[in-house]
1. Being without any contact (Cβ under 8 Å) to a residue 60 or more places away in the chain, of a type in the set (Gly, Ala, Ser) and crowded, with 22+ Cβ neighbours inside 10 Å is the filter here; which residues of segment 150-181 pass it?
2. Can you tell me how many residues within segment 386-424 are among the charged types (D, E, K, R), touching a Ser or Thr at 6+ places or on another chain (Cβ under 9 Å) and within 22 Å of Ile316 (Cα to Cα)?
3. Tell me the strands (runs of 3 or more DSSP E) entirely within segment 1-55 that contain at least 3 residues that are surrounded by fewer than 14 Cβ atoms within 10 Å (Cβ to Cβ).
4. Scan segment 62-73 and give yes if some residue there is part of a strand (DSSP E or B) and of a type outside the set (Asp, Glu), otherwise no.
5. Would you say Arg549 is over 21 Å from Gly51 (Cβ atoms) and modelled with pLDDT of 80 or more?
6. Which condition does Ala307 not pass, out of (1) buried (at least 16 other Cβ atoms within 10 Å of the Cβ); (2) of a type in the set (A, V, I, L, M, F, W, C); (3) in a helix (DSSP H, G or I), if it passes all the others?
7. Would you pick out the residues in segment 201-230 that are closer than 20 Å to Leu134 by Cβ and either among the charged types (D, E, K, R) or without any contact (Cβ under 8 Å) to a residue 12 or more places away in the chain (or both)?
8. Looking only at segment 242-267, filter to residues that are buried (at least 21 other Cβ atoms within 10 Å of the Cβ) and in contact with a Lys or Arg (Cβ under 8 Å, 6 or more places away or on another chain); which one of those is farthest from Phe39 (Cα to Cα)?
Amino acid sequence: MLPPEFINEVKEKNDITDVIGGYVTLKRSGRISKGLCPFHSEKTPSFMVYGDTSSFYCFGCQTGGDVVTFISKIENLDYIEAVKFLANRAGMTLPEEGRYDGLSHMRMRIREQNREAGRFFYRALYSPAGKQALAYFHTRGLTDEIIRRFGLGWSPDGWDELVRHLNGLGFKRDEILAADLGFNNKSGRLTDRFRNRVMFPIIDLQGNVVGFGGRRFTEDAFGGKYVNTGDTLIYKKTNHLFAMNLAKNSKTRELILCEGYMDVIALHQAGFTNAVAALGTAVTQPQAKLLHRYADRVVLSQDGDEAGQKSIARSIPIMKAEGLDVRVLTLTGAKDPDEFIRRFGPERFKRLLEGSSNDIEYSLTRISGKYDISTDDGRLHFLREACEYLSGLGSLEREVYAGRIADKLHIEKSAVLSQAAASARRREQSEKAKEFREMAKTTAGVGSKVNPERSANLRASNAEYALIRMLFSHQEMIHRTAEKLPTEVVVTDFGRRIYQAFIEMNQDGQEITVSLLSQRFSPEELSEIVRVINGNGNFDGSDLDTLIRIIETEHETPKPQDAANLTEDELLKQMSLLKKKKK
């Protein structure tokens with residue numbers, strides 16, 4: 001484990017606003033910086049960075065924490081790996097490490113196994129037994145140089161050849177299972193996950209092999225067409241893109257997104273080194289964020305079949321939500337980029353790229369193809385769906401494409417704009433209502449999974465949260481508060497645990513920080529704590545007795561759920577009245 005002193009120094013040298021600002025466009029507003037959350041899609045900023053408490057919180061997806069928590073989540077790293085990432089960012093030299101904890105150790109072992117497995121598959125491809133697999137790659141037009149660059153390989157047609165190889169290197173059964181390189185068959189025997197398949201290593205941005213895709217290359221091969229690594233401690237297919245480790249160095253802010261491994265490899269061999277592939281049928285939000293880190297424009301080059309077109313339709317809004325300029329490549333004369341390159345050559349593919357349509361043109365063409373616009377009924381249905389689509393566009397785009405739709409249907413442009421504007425109003429009202437309901441629910445903290453007692457004890461919980469917020473800001477008051485308010489009097493279990501942690505940390509002479517709290521509470525609990533300590537209301541020493549009195553009263557006479565309806569604003573008003581009565 002890394003020394004706590006080193007971890008604290010890393011956090012001090014990585015200002016949270018600066019770090020997050022490298023991933024999120026932030027706008028300062030008073031004591032906080034605000035932006036669109038990088039962890040979920042939203043149009044109204046609900047992601048807050050609090051410089052004074054070195055924390056962040058999203059009111060949309062209820063995610064919060066400190067700078068290490070943020071890097072861990074956005075880079076898909078565990079805690080120690082995130083600390084190392086930030087240490088490198090600050091130019092700090094890592095101290096000599098001792099033993100890893102359980103999860104970190106297993107992640108390390110999985111990476112080591114994948115590296116060894118990749119070498120094993122590559123050597124097997126060029127062995128006499130791999131002759132047929134190598135011939136398959138050569139028949140597909142791949143050179144030995146491109147095979148080496150991508151680390152392609154072959155998994156032997158045996159039951160446990162890789163397993164025995166890994167055992168010989170000291171890897172144990174539980175480690176092989178954790179890497180998903182083997183599985184227990186019906187008789188309990190540890191068996192190779194990949195058998196008699198051409199192998200495609202999946203490599204992360206740091207150059208680590210995190211998983212594999214295995215493709216059948218003969219009709220009599222065991223299993224389906226593809227066998228892929230399942231989710232492991234270091235790999236989740238929705239977070240990765242095939243060949244992004246190479247494409248990120250292509251020195252262009254445009255990426256070509258393909259459907260399959262062979263499409264990507266064929267394009268790289270033809271000189272299009274900015275090609276990548278999603279490891280599924282459609283782009284996910286994490287993949288779209290990863291794309292946007294290295295590109296401003298993405299050209300979708302999917303197969304021309306219905307599955308490929310559906311994938312494009314699902315991927316476009318996800319990538320648009322991340323601010324990407326999306327283009328769609330229409331292939332003619334070939335089913336995929338690999339076949340197109342082999343049939344027509346790189347120059348023609350380049351011209352095809354330059355003539356790719358934007359996502360709006362593609363979407364409207366797809367809508368038009370669903371209806372027979374030579375009939376009145378078809379024209380009407382096309383107009384309605386097209387205007388609904390236009391309602392999600394900006395005013396300038398809506399103006400341009402409304403004209404094209406009007407010309408296509410031989411109607412007035414004003415009629416198209418009017419219909420689109422009405423759809424836009426309905427859409428905006430619906431989205432605002434939904435966001436307001438979610439924001440209001442989150443701000444109140446009602447329905448919280450980490451504090452299920454809150455809804456039934458809202459008045460007590462509000463007082464507890466106010467007390468926690470006050471003590472975090474005025475830690476010199478913790479000792480005096482502990483003398484007045486016993487831990488067992490705090491009503492909710494979650495509030496009691498936070499209060500107890502504050503007392504213990506204060507007794508140990510520790511300054512209470514979000515980072516230290518992250519070592520005592522789960523990520524979900526820490527998110528709620530961050531929301532609480534950065535909430536509204538300036539509580540100070542003059543409020544202490546009032547807050548304690550409310551908590552004591554609620555402890556003695558807990559309210560039924562239907563009567564527990566005080567909001568935090570109402571709590572503030574009630575406290576003001578109590579103070580006046582006291583005088």
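1. Gly153, Ser155 - these are the residues of segment 150-181 that are without any contact (Cβ under 8 Å) to a residue 60 or more places away in the chain, of a type in the set (Gly, Ala, Ser) and crowded, with 22+ Cβ neighbours inside 10 Å.
2. Of the residues in segment 386-424, 2 are among the charged types (D, E, K, R), touching a Ser or Thr at 6+ places or on another chain (Cβ under 9 Å) and within 22 Å of Ile316 (Cα to Cα).
3. 27-29
4. Taking every residue of segment 62-73 in turn, at least one turns out to be part of a strand (DSSP E or B) and of a type outside the set (Asp, Glu).
5. Answer is yes for this residue.
6. (1)
7. Answer for segment 201-230, where residues must be closer than 20 Å to Leu134 by Cβ and either among the charged types (D, E, K, R) or without any contact (Cβ under 8 Å) to a residue 12 or more places away in the chain (or both): Arg215, Arg216, Glu219, Asp220, Lys225.
8. Ala266
The values are calculated or read from the model by the stated rules, or taken from the named source; none is laboratory data. Source: prediction; values computed, not measured. All Cβ positions, even for glycine, are placed from backbone atoms using ideal geometry, and neighbour counts span all protein chains on display.
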